[in-house]
Structure formats: C-alpha cells, structure tokens
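Visitor: Have a look at the structure that comes next, please.
The values are calculated or read from the model by the stated rules, or taken from the named source; none is laboratory data. Just so we're clear, the structure is a prediction, and the values are computed from it rather than from any experiment. Positions of Cβ are generated from backbone atoms using ideal geometry, with glycine treated the same way; all protein chains shown enter the neighbour counts.
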Amino acid sequence: MAKLLKELARSARPRQWLKNLALFAALVFSGNLFDFQKFIIILLATFIFTILTSSCYLLNDIADVKKDRLHPFKKFRPIAKGTLAIPLAFFIAISGIFLSLYLGVFLSFFFLLIILTYLSLQIIYSLFLKNIAVLDVLAIAASFILRVYAGAVAIGVHLSVWFLLCVISLALFLAVGKRKAEMTILNEAAPSHRQTLALYSPSLLDNYLSMFASSAWISWALFTFFEPPPQNYFLPFFPIISRFPLTFAGINKWLMITIPIVIYGIMRYLKIIHEGGKAESPERVLLSDKPLLLSAFIWGALIILIIYGGKD
C-alpha cells in the first residue's frame, strides 16, 4: 500500500503544483495579501485546482503511455513504467475531477466555470490540440492564464490589462521554451515522441522565444509604468516599513526597480533552454537553478515590500 501511494503521489507530479501558485497573483497585486478571509479563499481555490491538475496529469499519462515509454525522462513515470495500473489511475483521476468540481461549486459559480474550462482545455489538448502546431503552444499558455483568472474570480477582484499582458506573454514564453527544450533533448527522436515537434524548426522556435521574451519584459515594464498600485495597505510584520510615507513606498514608480530582475530572469531561462535538459519543465528549472530561484525570491520580496510598504 505504501508503495502504491508513493507511485500515485509521483504521478500527481507535486513539483508541478508550483504552477498553481499563480492563483495567488490576483491576491498579491490587488493589495489583499493580508486580508485573512481572501487569503483563505485563495488557499482553498489552490487546493481545488491542485486536485484537478493532478487528475488531469494522470489522464494525460494514460493517454501518452506508449510515447512516454520512448522518452528519456518520462519513461520513469509510474504509469509508463508499469508500477501504477492504468485502471486504478483512471479511477483516481475521475474521482479527483468530480471532487474538484464538487468543491468548486461551493467556492464560486465563476470559479467553477474556470475549472470546467481548464478541464475541457486539457481534454481537448490531450486528444487533439497537442498534435496541431501553434495551437499546442497556445493551449499550454492558456492553462497558465486560467490559473491566474481562477484566483481573480475566487476573491472577486479586477486584473489590469497590463498585468494580463504580462501573464499572457510569460505563459507563451514558457510554453515555447518547453517545446524548444523537448526538441533539444530528443534530437532526431523528437517527432516520434511528439508529432508537432516535426512541424517546428529550431529557428522558428528561436524566433518565437525571442518574440515572447521581449514582450514579457516589456509588458512588465509597461505595467510598472502605468498601473496605479493598491492604496492604504501596509506590511504588518514590519512596523518601521509600514510607517514609510507614500513618497517612498506603495507607489508604482518603485516597481520599476524590478525590471532589471525580470530581464535577468528571462535571460537566465533562455540560457537554460538552449542548454536543454531540465528546461523541459519550468518548475524543475525554478527549483533547481539557484541563480534563477534567487532572482525570483528577490523579485517577490520587492513586490511585497513596494506594494504593501505604504502608510495605512
């Protein structure tokens, strides 16, 4: 039983749960990070989304079991390796989907619509879109965007156009980077594992990467230039910071200092993509590459300090 639970946990891909932290984006950038009620709602929404995404991973592994056995890394997944029976994995996946939908009803009607949209997208992707060039990348990016929207509708806050542009650009950048890394890892065997990799040339993916890398940091820069910050919020754990006047904290011009960090993060990720290997999984990169992890931590700390460091 213990071995079975271990294999099931591996198939649920806990490392990829990191993507679900995107639900916290709306909470942070709307100025509600220290609103206890909204924080609990986002925690519950993230838990529901984690059940749903893990269930979708199981279904995806079942659908791709033959191709995964040809992949240098995915062949070690429990379903591909044969240590987790397909009927059991399918039963658990369906149970998880119904559980997430049931819990979503109690959270918010529009949150339920978001997770239904995400589920539909994953099913359509597994059956059709993953075999259609360009649409496969757009589908991967859309799944990340839906996570951000799920957090926003769960607590009922508005997301600015500039911030959404940042999310869309970053999602497309990561999706194209995933395809580029797959091509680098698999080389000549790439088409046998994923049909669309035969439809992309290395130069085309490089052009896509260049385009979305540029749009990602530029849209973030525009967000810091033009988006007014939340007003009258403070950082309760740092009373000295909370006494800063708005001249020095809580205003959007200070967000501009995060632009070089964003540019560094994108450049670092591009370097890893072209080196191949772990770049096939963005969450693996973030957790294993210390410079990138440090830059993400500094960026996050500055965001919290700048948005929540104003006078209450």
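So that you can scan it fast, the table gives a plain yes or no per residue for (1) polar (S, T, N, Q); (2) in contact with a His (Cβ under 9 Å, 6 or more places away or on another chain); (3) in the same structural domain as Leu209 (by TED's automatic domain parsing):
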position	(1), (2), (3)
Phe36	no, no, no
Arg69	no, no, no
Ala80	no, yes, no
Ile86	no, no, no
Ile97	no, no, no
Ser100	yes, no, no
Thr117	yes, no, no
Ser120	yes, no, no
Ile123	no, no, no
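Visitor: Here's something else I'd like to know. Can you find, within region 6-38, the residue that is modelled with the highest pLDDT among those that are surrounded by fewer than 19 Cβ atoms within 10 Å (Cβ to Cβ) and aromatic (Phe, Trp, Tyr)?
Guide: Among those that are surrounded by fewer than 19 Cβ atoms within 10 Å (Cβ to Cβ) and aromatic (Phe, Trp, Tyr), it is Phe24.
Visitor: Going residue by residue through region 123-138, is there one that turns out to be closer than 30 Å to Ile259 by Cβ, touching a residue at least 40 places away in the same chain (Cβ under 8 Å) and polar (S, T, N, Q)? Break it down into steps so the answer makes sense when it comes.
Guide: To start, the set of residues in region 123-138 that are closer than 30 Å to Ile259 by Cβ comprises 134, 137-138.
Filter once more, so that each one left must be touching a residue at least 40 places away in the same chain (Cβ under 8 Å): 137.
Add one more test, that the residue is polar (S, T, N, Q), and what stays is none.
No, that holds for no residue.
Visitor: Taking interchain pairs and intrachain pairs at least six residues apart, which have beta carbon atoms under 8 angstrom, with the first residue in region 7-25 and under 18 Å from Leu44 (Cβ atoms) and the second part of a helix (DSSP H, G or I) and of a type in the set (Lys, Arg)?
Guide: Matching pairs, first to second residue: Lys19/Arg147; Asn20/Arg147; Ala22/Arg147; Leu23/Arg147.
Visitor: Another one. What helices (runs of 4 or more DSSP H) completely inside region 181-272 contain at least 3 residues that are β-branched (Val, Ile, Thr) and modelled with pLDDT under 80? Walk me through it before giving the result.
Guide: Working: elements: 190-193, 202-226, 239-242.
Here the list is empty.
Visitor: Among Leu99, Leu84, Leu113, Leu127, which is the only one that is surrounded by fewer than 18 Cβ atoms within 10 Å (Cβ to Cβ) and closer than 23 Å to Pro14 by Cβ?
Guide: Numbers: Leu84 fails: surrounded by fewer than 18 Cβ atoms within 10 Å (Cβ to Cβ); Leu113 fails: closer than 23 Å to Pro14 by Cβ; Leu127 fails: closer than 23 Å to Pro14 by Cβ.
From the options Leu99, Leu84, Leu113, Leu127, the qualifying one is Leu99.
Visitor: What number of residues within region 24-55 satisfy the criterion of being within 22 Å of Arg13 (Cα to Cα) and of a type in the set (S, T, N, Q)?
Guide: 5
Visitor: Something else about it: Please go through region 155-173 and give me each residue that is surrounded by fewer than 16 Cβ atoms within 10 Å (Cβ to Cβ) and modelled with pLDDT of 90 or more, ordered by number. Even if it seems obvious, please write down each step before you answer.
Guide: Keep residues of region 155-173 that are surrounded by fewer than 16 Cβ atoms within 10 Å (Cβ to Cβ), which gives 156, 158, 160-161.
Residue satisfying the conditions is Gly156 alone.
Visitor: Next question, about the same structure. Across region 278-295, which residue is modelled with the highest pLDDT among those that are surrounded by 16 or more Cβ atoms within 10 Å (Cβ to Cβ) and more than 13 Å from Leu174 (Cβ to Cβ)?
Guide: The qualifying residue modelled with the highest pLDDT is Ser295.
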